[in-house]
Amino acid sequence: MADELQFLLSSKTHQYLGTIIPRRATVELGWNRTSLAEFTLDDDDRFLPALATPGARIRVLLNGVQEMSGLVESLDGTFPSGEVTVTALSEFQMLPYVLAWPKPTAAIGAQTDEYRIYTGVSETVAKLAIAEASTRLGLGWTVAATGGKGTTTRVETRFHPLLDRILEPLTLDKLQLKVERDAAGAVTVDVTQGTTFATPLTLNTGILENGTWRRQAPTVTRVVVGGTGEGVARELGQFVDTTRETDWAIKREVFRDARSSETGADLSTDAAKAFGEGAVKSSISVVLNEASWFQYRDGYVLGDLVTVQVGTVTMTDVISTVLIEDDPKSGLKVTPSIGDVRDSADKQLAADIAGLARGTRDQGRR
């Protein structure tokens, strides 16, 4: 069992300032989302002035291995109890604040392309888009060479938030987008693929604490894709999943708008996205217990895939959250979760609103 959690404080220029010893702490590592570190200090702690300095940064180490680093996002104090809660967000939080320009190599007054169109497997598309944004903004990020992971996709951008466009294809391919900064301040971007845990987890293993599962019929069996052009001159394509229609004895048709594609573009890529989104949904959400043979880093890491067997249900999904808690009463505890575990209606509402906002943005041109 992991037994040492450290919080290293540095300045905005990445100069080490000291190691913080909090009253209690929680670190939530997230797959394809921003990780979070939250810890509580006395309001007379000697590091508070440095923590309150703009640009202060935290590196979180578990048993000497860096788990996350990021900006001190907020400080919240209470009185008269005299506590201050510090929240740091991982480097992943930089991505939602990066726009994907239609012509990233040109100045704002020379955006002569309506869209920037990326085509390729999901890893290649994501890395190219991030590399172009890093160059445009002068961020100096090192983007690892693509390994060709994922399935073919097409992404069109016109001042959209970069993350809105590149994350969905990666997630569908169960690939993890990593943004990591080392002690010297250098940022590396990579896409990795987790390994599958060899042993299926059942109720008899004692690993499954609680959870839910769901299976839903497909919502798409055939797709009409509209490409470039207007009215009767518009390019159209029809795609049918005959196997899906035969298996379920249903026909469910949707339209996919691809008007931003190039003339003569392969519209099957857009159809594949629609089929993926409307496929049979088999999802599982499980909170796990650790055991001697199932421990963080010794047996699994964030992004690995685990097969869960409950009764007649067998599903494989990603370890999407690793929660690390440290307090004087119970000591250090690590709790992994599979799937989309949401512990409040507020989180669910926020996710729904975010999805609605993306859909609204995409309805019009920019």
| field | Inter-residue pairs, beta-carbon under 8 Å, first under 14 Å from PHE159 (Cβ atoms) and in the range 103-116, second β-branched (Val, Ile, Thr) and surrounded by 13 or more Cβ atoms within 10 Å (Cβ to Cβ), 6+ apart | value | PRO104/THR135; TYR115/THR157; ARG116/THR157
| So which residues in the range 187-238 are of a type in the set (D, E, K, R) and either touching a helix residue (DSSP H, G or I) at 6+ places or on another chain (Cβ under 9 Å) or in a loop (DSSP other than H, G, I, E, B) (or both), if there are any at all? | ASP190, ARG222, GLU230, ARG234, GLU235
| request: Taking ALA145 as the residue in question, decide whether it is over 27 Å from ALA183 (Cα atoms), modelled with pLDDT of 95 or more and out of contact with any helix residue (DSSP H, G or I) (no Cβ under 7 Å at 6 or more places or on another chain). | output: no
| For GLY55, are the conditions met, namely being part of a strand (DSSP E or B), surrounded by fewer than 16 Cβ atoms within 10 Å (Cβ to Cβ) and on the phi > 0 side of the Ramachandran plot? | no
| query | Of all strands (runs of 3 or more DSSP E) completely enclosed by the range 239-324, which ones contain at least 1 residues that are within 19 Å of the chain's Cα centre (by Cα) and within 30 Å of GLY226 (Cα to Cα)? | reply | none
| remark: Residues of the range 106-163 being β-branched (Val, Ile, Thr) and outside any strand (DSSP E or B), in sequence order, are ILE108, THR112, THR124, VAL125, ILE130, THR135, THR146, THR151
| Candidate set: the range 175-229, residues that are hydroxyl-bearing (Ser, Thr, Tyr) and within 24 Å of the chain's Cα centre (by Cα); chosen: the one farthest from ASP247 (Cα to Cα) | THR188
| Does LYS103 satisfy the criteria of being in a loop (DSSP other than H, G, I, E, B), surrounded by 17 or more Cβ atoms within 10 Å (Cβ to Cβ) and touching a strand residue (DSSP E or B) at 6+ places or on another chain (Cβ under 9 Å)? | yes
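Would a scan of the range 25-33 turn up a residue that is part of a loop (DSSP other than H, G, I, E, B), surrounded by 13 or more Cβ atoms within 10 Å (Cβ to Cβ) and among the hydroxyl-bearing types (Ser, Thr, Tyr)?
no
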| note | For ASP164, the lone unmet condition from (1) within 29 Å of the chain's Cα centre (by Cα); (2) of a type in the set (D, E, K, R); (3) surrounded by fewer than 17 Cβ atoms within 10 Å (Cβ to Cβ) is (3)
| query | Can you tell me which residues in the range 48-71 are of a type in the set (A, V, I, L, M, F, W, C), in contact (Cβ under 8 Å) with a residue 24 or more places away in the chain and touching a strand residue (DSSP E or B) at 6+ places or on another chain (Cβ under 8 Å)? | reply | LEU48, ALA50, LEU51, ALA56, ILE58, VAL60, LEU61, LEU62, MET68
| message | Given the criteria touching a helix residue (DSSP H, G or I) at 6+ places or on another chain (Cβ under 8 Å) and either on the phi > 0 side of the Ramachandran plot or modelled with pLDDT under 85 (or both), does ARG342 qualify? | response | yes
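Looking only at the range 7-24, how many residues end up being part of a strand (DSSP E or B) and either among the β-branched types (Val, Ile, Thr) or more than 11 Å from SER69 (Cα to Cα) (or both)?
6
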| field | Every residue from the range 200-220 that is farther than 30 Å from GLY278 by Cβ and touching a residue at least 24 places away in the same chain (Cβ under 8 Å) | value | THR202, LEU203, THR205, GLY206, ILE207, GLU209
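The values are calculated or read from the model by the stated rules, or taken from the named source; none is laboratory data. Keep in mind that this is a model prediction, so the values were computed, not measured. Don't worry about glycine lacking a Cβ; one is built from the backbone with ideal geometry, like all the others, and counts go over all protein chains shown.
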